[in-house]
Each structure stands twice: as structure tokens, then as C-alpha cells.
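The structure under discussion appears below in the form of C-alpha cells.
FYI, it's all coordinate maths here, none of it is from the lab. This structure is a prediction, so every number in the text was calculated from the model and none was measured. Backbone-built Cβ (ideal geometry, glycine too); neighbour counts: all protein chains shown.
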Ligand code: C5P
């Protein structure tokens, strides 16, 4: 049975997560937050002595990860039975995630775990390489971006709302470093698929972006 996919790729803080969740809810489709898979691996590795050079060890930990996702208003993620939701959003987790995400062997192991989310009636998949590598045959692709300043501001607000201590200038530097790493890596770099629809959310609200995405599908 053919299951339709909508991919939403872009840099961190562009609003992909919020837009994807709202669109998935409106369509009644499943939702894949692929960044949370890389983030979960980062957390799994923090429980072990973590060495970026030890690729075979990282691959072993990736293969052994048992992940459970509960998609309610907020995404709840369990790693080997433990609720890791509160650690997922930390910028330190995102930074480690982007370092291990540059390893092609790691991406290979996580590929199937992501493709398994393609279940009826449809899937909204958010990440960096959803439209280029994981679901290249998706019928609808979006590349969602925003200026680094706006993205840093949004990430800052998210953290403050979750009562996580944050510093705006530091977040902007971290976001730019992570973007650079994601764009410049050789394995599945952050790039717009040639058949993707480009949206810049710097000066438009989330509701407008959601409408634009839903119009694409209609
Ligand atoms: O989207 P999020 O900020 O949660 O992703 C964390 C990191 O995981 C990204 O900076 C990126 O390096 C990596 N990632 C990736 N491919 C994806 C999703 C996330 O490389 N499809």
C-alpha cells in the first residue's frame, strides 16, 4: 500500500517541529521528528564513555537503542524504558547529536528506524535529509528556514518557557556552529531537495506557514 509522505527539512529553530506537528494533526497523519532519534543516540552515548573516534562503539549503541515515541501535544520519548524527554531539547544534546550525525555509519543504522515511521494513512517527517535521502520519493517536500537571529530568538523563548536556563548570544553562536556542521558534512548534508518548496519563516507566523504547507497538499 502506498503511504504518502510530506517532508519538512531545514536548519534548527526554523519552526519545523511546530509546523510538522500541526500539519500532521490536521491531516491525521503520523509524525517523525528525526532529530529526536539523533538526540536520543547522543543521550544514550552520554551514559557510556563517549569518544567520537570510536565509530564501531557508537554504531553498537545505535543498534541497541530501543526507542518509544508517544505523540500527544508534546512528544514523549523513552530510551530503553527511561523517559528522556526533558534532556532531548538541551542545546548540549543537539550539539552532540550533530557531531555523531556527521558519521555515515551512524546514519546508515538510523535510516531504517526512520523509514519504519511511514505508516498509513500518511507521514509528516521533519529533519535535515528527509526529502533528499530518507524519503526521496515523497510527493510533497518543504524546505523551511529563517534568519539565524530569528531562529536563536525562538530557541531562547522555547528554553525559557521550559524553565531551562539560557543565554541568547550563546544560543546564536551554538546554532550557527551546528548549522555549519550540518551543511558542510559529507554524509547527507542539510540541503534543499531540488523538488522542494522553499519557505522563509523569518517574518511570517506559524499559522501562515501551516496554511502554505496544507495548500501544497491540497
Ligand atoms: O532537528 P534537531 O535540532 O532536533 O536535530 C539535532 C541534530 O541532529 C541536527 O543538528 C543534525 O545534526 C542532526 N540531524 C540530522 N538529520 C536529521 C535530523 C537531525 O543530521 N534528519
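Fully extended, how many nm does the chain gain between residue 25 and residue 202 (0.36 nm per residue separation, minus their Cα-Cα distance)?
On the way: separation 177, 0.36 × 177 = 63.72 nm, distance 2.34 nm.
Full extension from residue 25 to residue 202 adds 61.4 nm.
Could you put 32, 214 in order, starting from the residue whose Cβ has the fewest other Cβ atoms within 10 Å?
On the way: 32 28, 214 14.
Taking fewest neighbouring Cβ atoms as first place, the list is 214, 32.
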Q) In whole Å, what is the distance between the alpha-carbon centres of the stretch 192-218 and the stretch 20-58? A) 24 Å
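Looking at the stretch 5-217, what % of its DSSP beta bridges pair antiparallel, to the nearest 5? Don't skip to the answer; put the middle values down first.
Details: 7 of 24 bridges.
That works out to approximately 30 percent antiparallel.
Using only the Cα atoms of the stretch 27-74, build the gyration tensor, take square roots of its eigenvalues as a ≥ b ≥ c, and label the shape rounded, prolate or oblate: rounded if a/c is under 1.5, else prolate if a/b is larger than b/c, else oblate.
Numbers: a/c = 3.03, a/b = 2.72, b/c = 1.12.
Verdict is prolate for the stretch 27-74.
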Q: Estimate the FRET efficiency between residue 92 and residue 147 by the formula 1/(1 + (r/R0)^6), using the beta-carbon distance for r and 25 Å for R0, to the nearest 0.05.
A: 0.60
Q) Using 7 Å Cα-to-Cβ label points, what is the residue 163/residue 181 separation (nm, one decimal)? A) 2.9 nm
Q: Sticking with the crude label model, points 7 Å out along Cα→Cβ, report the distance from residue 71 to residue 217 in nm, one decimal please.
A: 1.0 nm
Q. Taking the highest mean first, how do the peptides 13-24, 110-121 order by number of other beta carbon atoms within 10 angstrom per residue?
A. 13-24, 110-121
Q. Taking N as the number of residues in the stretch 101-218, what value does Rg over Cα atoms divided by 2.2 N^0.38 Å take?
A. 1.18
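Got the relative contact order for the stretch 5-217 handy, in percent, Cα pairs under 8 Å and 6 or more residues apart?
Details: 323 pairs, mean separation 73.7, N = 213.
Relative contact order for the stretch 5-217 comes out at 35 percent.
Can you give the direction-averaged projected area of the convex hull of the alpha-carbon atoms in the chain, in nm²? Don't skip to the end; give the middle numbers.
On the way: hull surface 46.5 nm².
Averaged projected area of the chain's Cα convex hull equals 11.6 nm².
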